[in-house]
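The values are calculated or read from the model by the stated rules, or taken from the named source; none is laboratory data. Small disclaimer: the values here were computed from a predicted structure and weren't measured. Positions of Cβ are generated from backbone atoms using ideal geometry, with glycine treated the same way; all protein chains shown enter the neighbour counts.
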Amino acid sequence: MSKLIALFTGGKESVYSILMAEELNYEIEELLFLERPGFSAHKVNLSAVKAVAEMLGHELTVIRTSSNFEDDEELIAYLRESGKEGVDGLLTGNVKLEERSRIHERICEKTGLKLVEPLRGLDTLELMIEYSKIGLQFTIIGIRNGRLSMKWLGTTISKQNIEGFLVDALSSSIDPCGEYGEYHSIVTGLEHLGTRLEYDLTTIKEEKKIKYVTLQNP
């Protein structure tokens, strides 16, 4: 069975890519969060990202990288060493982003790993419907200004309200999964695990034209 390191943000595509990889008989060896310079809605919610990893049965490894992470010496060395220890590939939840895929390919070329992208090229509306079917719930933690109604910020999307969310997203002409940074999410529940993460929300803040909330344990 091939072993993978998963690049992980705690978002819905990160989580679903792991579920798909496991269905394809890959073994997830490790979840890796890349802490890059500057603001990230996931970075300010790192404790929640760690909780999602634990929900999936993994600890989260955090590596600080440079902005140009494909050339980051620490990251490249870490992945090369992982390859020597039996890891075969790098798993990502990328769906549509060509440049992101090319960056990951270059990382794999430098480290001798295989790039695994089980969501690549899938229809993002169909993906969202599939999330609902399997009981994958996620909370909206960040919205880029002017892209989606702010009423969804801090809202948990589930079977009960996903139809309304998708109507709003499509009428706003944004990608249903937020593939182009229109919004950001963290998974807070998976039906088949019987687990739901509960949080209190902070007040809304803004950074780099993104309004965001942080999830805190009640």
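Structure notes:
- Search result, residues across the stretch 61-104 that are loosely packed, with under 13 Cβ neighbours inside 10 Å and among the small types (Gly, Ala, Ser): Ser67, Ala77, Gly86
- Some residue of the stretch 104-126 being in contact with a strand residue (DSSP E or B) (Cβ under 6 Å, 6 or more places away or on another chain) and of a type in the set (Ser, Thr, Tyr): no
- Lone qualifier among Val15, Val49 - being crowded, with 18+ Cβ neighbours inside 10 Å, of a type in the set (A, V, I, L, M, F, W, C), in a helix (DSSP H, G or I) and out of contact with any His (no Cβ under 7 Å at 6 or more places or on another chain): Val15
- Residue, nearest to the chain's Cα centre (by Cα), within the stretch 180-200, restricted to residues that are buried (at least 19 other Cβ atoms within 10 Å of the Cβ) and in a loop (DSSP other than H, G, I, E, B): Glu182
- Residues in the stretch 87-103 that are closer than 18 Å to Gly10 by Cβ and either touching a Pro at 6+ places or on another chain (Cβ under 9 Å) or not hydrophobic (A, V, I, L, M, F, W, C) (or both): Leu91, Thr92, Gly93, Asn94, Arg100.
- Enumerated strands (runs of 3 or more DSSP E) restricted to the stretch 78-174, each holding at least 2 residues that are assigned by TED's automatic domain parsing to the domain that holds Leu201, at positive phi and in contact (Cβ under 8 Å) with a residue 60 or more places away in the chain: none
- Taking the conditions (1) modelled with pLDDT under 95; (2) under 19 Å from the mean Cα position of the chain (by Cα); (3) β-branched (Val, Ile, Thr) in turn, Thr203 satisfies each one other than (2).
- Among the residues making up the stretch 1-36, those that are under 21 Å from Tyr78 (Cα atoms) and of a type in the set (A, V, I, L, M) are Leu4, Ile5, Ala6, Leu7, Ile18, Ile28, Leu31, Leu32, Leu34.
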